[in-house]
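Input: a single structure, listed below in structure tokens.
The values are calculated or read from the model by the stated rules, or taken from the named source; none is laboratory data. Note that the coordinates shown come from a computational prediction; the quantities given were computed from them, not determined experimentally. When we count neighbours, we look across all protein chains shown, and the Cβ atoms used for this are built from the backbone with ideal geometry, even at glycine.
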Amino acid sequence: GAVVSQHPSRVICKSGTSVKIECRSLDFQATTMFWYRQFPKQSLMLMATSNEGSKATYEQGVEKDKFLINHASLTLSTLTVASAHPEDSSFYICSAINDRGANTIYFGEGSWLTVV
Amino acid sequence: AQSVTQLGSHVSVSEGALVLLRCNYSSSVPPYLFWYVQYPNQGLQLLLKYTSAATLVKGINGFEAEFKKSETSFHLTKPSAHMSDAAEYFCAVSEPGAQKLVFGQGTRLTINP
């Protein structure tokens, strides 16, 4: 079964609204989680590293005021797409590593965002 | 900097035939290499990974990959394709011990009956 869960799996929102996507590690603690974005027929691109209790680290070219990341607990990281626009429509997927594990990276199921 | 190139965005094979998905990498440090599979509407599942031990790595579902430093390649193979292998496959690279992955563009594998 899934050890990292994302919610929602699909969301459609109106342009200008904000959307929150959750990433949960179900049976382990993860100090660090990662958020990726995948455009159609393209690769997954790392957006940011989510650090529990501190600010996220964003990759070059990713707008931190647009993609707000909050890692409030050791099992939950949230990605909020602020004032979404159609060009933000994409597949967003998170990953996490068990703090006590064997360095295995677990991915969530991903979330499809469509902005209309 | 690291990068990954997957040759062929779409590969189609017959059921029972050999599966070969190509991956070439670029890395300034000895890399860790991964193959992930993504079934429709699902997340990524790790097939196998190379972490500087044996160069021939065996994974789940009968897949294996061989690390060839001289060719900077990490091609994924399976001797006999099954219908259930139809999915998107991603090759990825990281620095040793790092948690951040750099992904290739993905290869969609189609299995013909």
Item to complete: Name the single residue, out of those in region A:90-116 being under 11 Å from A:Arg10 (Cα atoms) and among the small types (Gly, Ala, Ser), that is nearest to the other protein chains (Cβ to nearest Cβ).
Response: A:Gly110
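Of the residues A:Ser15, A:Ser5, only one is over 19 Å from B:Gln2 (Cα atoms) and either among the acidic types (Asp, Glu) or part of a strand (DSSP E or B) (or both); which?
Details: A:Ser15 fails: either among the acidic types (Asp, Glu) or part of a strand (DSSP E or B) (or both).
Only one candidate qualifies: A:Ser5.
Name every residue in region B:59-86 that is closer than 28 Å to A:Thr32 by Cα and either assigned to a strand (DSSP E or B) or not small (Gly, Ala, Ser) (or both), in order of residue number. Full working, then the answer.
As a first pass, look at region B:59-86 and keep what is closer than 28 Å to A:Thr32 by Cα: B:59-60, B:74.
Across region B:59-86, the qualifying residues are B:Ile60, B:Phe74.
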Worksheet item: Which pairs do you get when a residue that is on the phi < 0 side of the Ramachandran plot, found in region A:7-22, comes within reach of a residue that is aromatic (Phe, Trp, Tyr) and surrounded by 12 or more Cβ atoms within 10 Å (Cβ to Cβ), reach meaning Cβ atoms under 6 angstrom, with the pair 6+ apart or on two chains?
Response: A:Arg10/A:Trp112; A:Ile21/A:Tyr92
Response to the item:
Of the listed residues (B:Ala87, B:Ala98, B:Ala17), the one being of a type outside the set (Val, Ile, Thr), farther than 17 Å from A:Leu46 by Cα and more than 13 Å from the chain's Cα centre (by Cα) is B:Ala17
Fill in: Test result for A:Asp99, acidic (Asp, Glu) and either closer than 22 Å to B:Gln38 by Cβ or in contact with a helix residue (DSSP H, G or I) (Cβ under 6 Å, 6 or more places away or on another chain) (or both)
no
Discussion item. Looking at region B:85-113 only, could you name the residues that are in contact with a helix residue (DSSP H, G or I) (Cβ under 8 Å, 6 or more places away or on another chain) and more than 14 Å from B:Leu20 (Cβ to Cβ)?
Written reply: B:Pro113
Practice prompt. Quickly run through region B:70-113 and pick out the residues that are within 10 Å of another protein chain (Cβ to nearest Cβ) and free of Cβ contacts under 8 Å to residues at least 24 places away in the same chain.
Written response: B:Gln99, B:Lys100
Item to complete: Would you please name the residue that is farthest from B:Phe103 (Cα to Cα), looking only at residues in region B:32-66 that are crowded, with 21+ Cβ neighbours inside 10 Å and more than 14 Å from chain A (Cβ to nearest Cβ)?
Response: B:Val57
Worksheet, complete the sentence: If we ask which residues in region A:42-87 are among the acidic types (Asp, Glu), outside any loop (DSSP other than H, G, I, E, B) and either crowded, with 20+ Cβ neighbours inside 10 Å or within 11 Å of chain B (Cβ to nearest Cβ) (or both), their number turns out to be 0
Response to the item:
Taking region B:5-49 and keeping residues of a type in the set (D, E, K, R) and either at pLDDT 95 or above or farther than 28 Å from A:Trp35 by Cβ (or both) leaves B:Glu15, B:Arg22
